[in-house]
Amino acid sequence: MLDISKIKAITLDLDDTLWPIWPTIERAEKVLQTWLQAQAPATAALIVNPHMRRELRAATERQWPDLAHDLAALRRESIRLALQRAGDDAALAEPALDVFMVQRMQVTLFEDVRPALAWLAGRLPIVALSNGNADVHQIGVGEFFCASISARDVGVGKPDPRIFEVAARAAGVAAEAVLHVGDDAALDVLGALDAGMQTAWVNREDHLWTQARQPHATVADLAELCDLLGRTEAD
């Protein structure tokens, strides 16, 4: 169970915790495909095949293992590889990534998120903590966060305890004073437990918990998290 008296800050996952990520990625990939059809049609024809996109991504990961923590850079190099294989201008990789990233920031928040963030931020410092490349300021929720930490910034991603420790320092507290909130059992819950944090698993789709170690709390959404942390009707 949570020891609410010890919680002095919150670290908060982004993708699939604050918004569903795959509809966003699918839309961004469609916009990128349309752009490539105009700018690099041979590449567009190459990557229209999902199997080819997966093969290009795997080849990129093998070639650039040091970019494992930087999803944007991996995507840029995957696009560059596709351009090279298709015989198009590899210099188009940078503007192509820009096209993708503009759409990647166009997320649809879960309905509970904005009011919950406002309530939480009024009581505790909140640090965004993500393996992804979302920018909370571009997305429009930056006002609620005192800091934003990504795997790209730190050089390692969740579940590595080091990224949790960096986030705790950004909040100005010790790791044991942090409640980490996220949807991924391994990356968020187990990673935060290894860093000495309390954990809340956001289980929006009623999945079964299959890990040996347990989160300190399980909530269906952030509204339930606020209730758990002590929100009352008077608030």
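The values are calculated or read from the model by the stated rules, or taken from the named source; none is laboratory data. These numbers were taken from a predicted model, which means no experiment stands behind them. Positions of Cβ are backbone-derived with ideal geometry, glycine not excepted, and every protein chain shown enters the neighbour counts.
Taken across segment 129-151, residues that are at pLDDT 95 or above, closer than 20 Å to Trp19 by Cα, of a type in the set (Phe, Trp, Tyr) and part of a loop (DSSP other than H, G, I, E, B) do occur, with at least one present. Looking at the structure I just gave you, is Arg114 part of a helix (DSSP H, G or I), in the same structural domain as Asp13 (by TED's automatic domain parsing), over 15 Å from the mean Cα position of the chain (by Cα) and free of Cβ contacts under 8 Å to residues at least 12 places away in the same chain? Spelling it out, it is not the case that Arg114 is part of a helix (DSSP H, G or I), in the same structural domain as Asp13 (by TED's automatic domain parsing), over 15 Å from the mean Cα position of the chain (by Cα) and free of Cβ contacts under 8 Å to residues at least 12 places away in the same chain.
Of all the residues in segment 166-188, those that are touching a Lys or Arg at 6+ places or on another chain (Cβ under 7 Å) and surrounded by 24 or more Cβ atoms within 10 Å (Cβ to Cβ) number 1. With the requirement that a residue be in contact (Cβ under 8 Å) with a residue 40 or more places away in the chain, in contact with a Phe, Trp or Tyr (Cβ under 7 Å, 6 or more places away or on another chain) and crowded, with 20+ Cβ neighbours inside 10 Å, what does segment 189-235 give you? Selection gives Ala192, Met197, Cys226. For segment 54-64, which positions are touching a residue at least 12 places away in the same chain (Cβ under 8 Å) and charged (D, E, K, R)? Listed by number, the residues that qualify are Arg57, Glu61.
Taking residues in segment 29-49 that are without any contact (Cβ under 8 Å) to a residue 60 or more places away in the chain, and partners anywhere that are among the small types (Gly, Ala, Ser) and surrounded by fewer than 19 Cβ atoms within 10 Å (Cβ to Cβ), the pairs with Cβ atoms closer than 8 Å and at least 6 places apart or on different chains are Ala40/Ala86; Ala42/Ala86; Ala42/Gly87; Thr43/Ala86; Ala45/Ala86; Leu46/Ala86.
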